[in-house]
Structures are given as C-alpha cells and as structure tokens.
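The values are calculated or read from the model by the stated rules, or taken from the named source; none is laboratory data. On a predicted model such as this, the values are computed, not experimentally measured, just so you know. So basically every Cβ, Gly included, is an ideal-geometry build from the backbone, and we count neighbours across all protein chains shown. To get the accessible areas, we keep the full protein, side chains included, count just its heavy atoms, and leave off ligands, DNA and RNA. Shrake-Rupley method; radii C 1.70, N 1.55, O 1.52, S 1.80 Å.
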Amino acid sequence: MATKSYSNINSVYTISPHTFEKRSRTLAEYLSEPRGQIFFDARPWKTERITNEAKALQLLAERTTIPIPQLIRYGQNNDGSMFLEMSRVDGVDLLSVASECRKPGGVRHNNGGECNKCLEIAQANAMHFIKTVLLPELAKLRSNETGLDGFVIPPPWVVESVDTRPHWEVKTSLDEEFVFTHGDLNPGSLIMDPDTLTVKSVVDWEHSGYFPPGFQKWSLDMDAYYALFEDQQAILELIRSIEP
Ligand SMILES: [Zn+2]
C-alpha cells in the first residue's frame, strides 16, 4: 500500500504500510478553508493534545496490557504543528463494522449490505473487553494529581459543551484518588479485527489523564455518547470535583 494522507477539521493523518501519523493543523491550513478562523478558534490545545496522547501511549505501554498503537516518535515540525507517529493497526472501527457482513468464523449473515448481526457481535465483544480488560487495567493507574504530567485536558463532553475555559489547573490531593481515564471512549476509538469482531486496539487518547472515577464515562452507541454532552447537571458536578 502506498502512503495515503487525509484530513478532517482537527488533524491531518498519514497512513503508510507500517505507520500511522497524526498531526495538528496549522493556522494557514485552517485559513485555506471557508470559516477556517472559526474552526481554528474552536479547537483548543491543538499541539498540546498530540503531546498528551504520546505521553499516554508511553505510560500505557509501560504499565498496562491494553492493546494500543505502538508509539514510534512524536515532536514538532518546523511549521509549528505537532506530529505523533505510531504503528499502524489494521482493522475497522466499531462505527464502521456494520457497513458489510464480516463473516466472523466463516458465517455469512446476509447477502450484502449492512449487517446488524455483525454489529451486535462486535458491540458485545467490545462491552466485554471494556469491562474485563480496559477498565481493570486503567484502574491500576492512579495519581494524586489531575491530568497527565502537569497538563489537564478534560473530556470533550466537558470542554466542548459546558465549560470552554482556555486553561485547566492541576488539582492535587493527599491521596491517589485520581484514576487514568481514556476521556473520549466511543465506537470510533475502538479498532476491531474485521475477521473475529474482537477489539484489536484502543486509539485516540488525546483527552486522557488522571481524573476522579466519575470521569470514566464511555458509550458504544454514538447517540448515547452525544447525550453525555447534554447532561449539564452531571458535567457541572464533575467540574466541581476537579477545581483546585
Ligand atoms: Zn454479518
């Protein structure tokens, strides 16, 4: 496979035969598109979030058995953008599993088109993985400081919804009461093996860090995930729990 590049409003992605690179977009790239300045202003911590993800991958590789992309290198380009190069994980995210029948174990469920049976199997496997592997492994990582290495980026359902402050202070506690959280765990951040429909890798750790256990929210259904953004009362309570 040749090297392929694509971008969305937040990042530029480059896939090569063995690697996957994510990098932040520059102001010039934003401005080359309609409403670029608005999108630029609406995306805080463009470079810091890439560094945060790199540090999370390092920590998780050293101290857990969670399947994640292998960190190869990260750093800053001359144009100021931050890049993160990882090993490439072949697979399909949980959002895309249902687009065709994957014939798990050689069993075909339909004659083409979307397959809800495959989605059901993949969701059940993902649920089992989260409860028996991911959450127990994350629970082993505890700290008496919020965020990661002095930088705090709460989950999207906090910073893109209720509280858009530009900077979050680290909260310190006497006890190791903060637990490592993914921060953005939804069907798009689970890479599934298309043959077995089991979880192959957990990606997108930009919003990860140490937070009170109540921040460990996740959903395998996008509607339910977006509902997290609407629950003002719960979000405000969680915000109070990380105020220094
Ligand atoms: Zn199927």
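Here are some notes:
- Looking across segment 192-216, the residues that are crowded, with 22+ Cβ neighbours inside 10 Å and farther than 17 Å from LYS55 by Cβ come down to MET192, LEU197, VAL199, PHE215.
- The single condition among (1) open to solvent by less than 80 Å² (accessible area, probe 1.4 Å); (2) closer than 26 Å to PRO166 by Cα that LEU31 does not satisfy is (1).
- Test: residue in segment 42-50 that is at pLDDT below 95, among the aliphatic types (A, V, I, L, M) and within 19 Å of the chain's Cα centre (by Cα): yes
- Qualifying residue in segment 198-210 (condition: assigned to a loop (DSSP other than H, G, I, E, B), at pLDDT 95 or above and more than 13 Å from the chain's Cα centre (by Cα)): yes
A quick yes/no check of all residues on (1) in the same structural domain as ILE68 (by TED's automatic domain parsing); (2) of a type in the set (A, V, I, L, M); (3) within 29 Å of SER99 (Cβ to Cβ); (4) within 16 Å of the ligand (Cβ to nearest atom):
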{"residue": "ASN116", "(1), (2), (3), (4)": "no, no, yes, yes"}
{"residue": "MET127", "(1), (2), (3), (4)": "no, yes, yes, no"}
{"residue": "LEU138", "(1), (2), (3), (4)": "no, yes, no, no"}
{"residue": "PRO155", "(1), (2), (3), (4)": "no, no, yes, no"}
{"residue": "GLU160", "(1), (2), (3), (4)": "no, no, yes, no"}
{"residue": "HIS167", "(1), (2), (3), (4)": "no, no, no, no"}
{"residue": "LEU174", "(1), (2), (3), (4)": "no, yes, no, no"}
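- Considering segment 82-102, and only residues there that are over 21 Å from ASP221 (Cα atoms) and surrounded by fewer than 19 Cβ atoms within 10 Å (Cβ to Cβ), the residue that is nearest to the ligand (Cβ to nearest atom) turns out to be ASP90.
- Taking the criterion of being open to solvent by less than 10 Å² (accessible area, probe 1.4 Å) and not hydrophobic (A, V, I, L, M, F, W, C), the residues of segment 139-156 that qualify are THR146, GLY147, PRO154, PRO155, PRO156.
- Conditions (1) more than 16 Å from the ligand (Cβ to nearest atom); (2) surrounded by 18 or more Cβ atoms within 10 Å (Cβ to Cβ); (3) among the aliphatic types (A, V, I, L, M): number failed by ALA61: (2)
- A single member of ASN52, ASN77, ASN125 is buried (at least 16 other Cβ atoms within 10 Å of the Cβ) and under 27 Å from SER11 (Cβ atoms), and it is ASN52.
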